[in-house]
Amino acid sequence: MPRFVAVYTGTPESHAASGWDQLDEATRKAREAKGMQAWMDWGAKYKDKIVVHGGPLGKTKSVGKDGVRDIRNNLAGYIVVEAASHEEAAAMFENHPHFAIFPGESVEVMPELPIPTLS
């Protein structure tokens, strides 16, 4: 079955627009608990389709011709799922807690392609 990598994204703008930082501590904690439960429920619903649980991503270093440097990007986490099609994989993330409850921006879903071989 085809595999798809999904990356959770977020920007400072989406975080600010969510109002997350303006919530009082009790409200934020309650929303965090609700969000984590919703995320666990999502994982249970798709447990047979999740092949790599992935997880949150930390600070980024870029390595290139000019060496190593600290950079910032919009990637917040990742997961690998199996689905019959790209559309089916994307549909798994509709209304996902990452953006429906937490202040994330979106989930980007892309096919995992085979490594090219020399013929």
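Table for the structure above
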item: Failed condition for Pro114, given (1) more than 12 Å from the chain's Cα centre (by Cα); (2) open to solvent by 80 Å² or more (accessible area, probe 1.4 Å); (3) touching a residue at least 24 places away in the same chain (Cβ under 8 Å); result: (3)
item: Residue count for region 94-111, restricted to those that are of a type in the set (D, E, K, R), buried (at least 18 other Cβ atoms within 10 Å of the Cβ) and out of contact with any helix residue (DSSP H, G or I) (no Cβ under 7 Å at 6 or more places or on another chain); result: 0
item: Subset of region 1-58 [closer than 15 Å to Glu82 by Cβ, over 17 Å from the mean Cα position of the chain (by Cα) and aromatic (Phe, Trp, Tyr)]; result: none
item: Top-ranked residue of region 39-93 - restricted to ones that are assigned to a loop (DSSP other than H, G, I, E, B) and aliphatic (A, V, I, L, M), ranked as surrounded by the fewest Cβ atoms within 10 Å (Cβ to Cβ); result: Ala84
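Here is a yes/no grid of residues against (1) in contact with a strand residue (DSSP E or B) (Cβ under 8 Å, 6 or more places away or on another chain); (2) hydrophobic (A, V, I, L, M, F, W, C):
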site	(1), (2)
Leu75	yes, yes
Glu88	no, no
His98	yes, no
Gly104	yes, no
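The values are calculated or read from the model by the stated rules, or taken from the named source; none is laboratory data. Model, not experiment: these values are computed from the prediction. All Cβ positions, even for glycine, are placed from backbone atoms using ideal geometry, and neighbour counts span all protein chains on display. Protein only, heavy atoms only, side chains kept; ligands, DNA and RNA dropped before computing areas. Shrake-Rupley method; radii C 1.70, N 1.55, O 1.52, S 1.80 Å.
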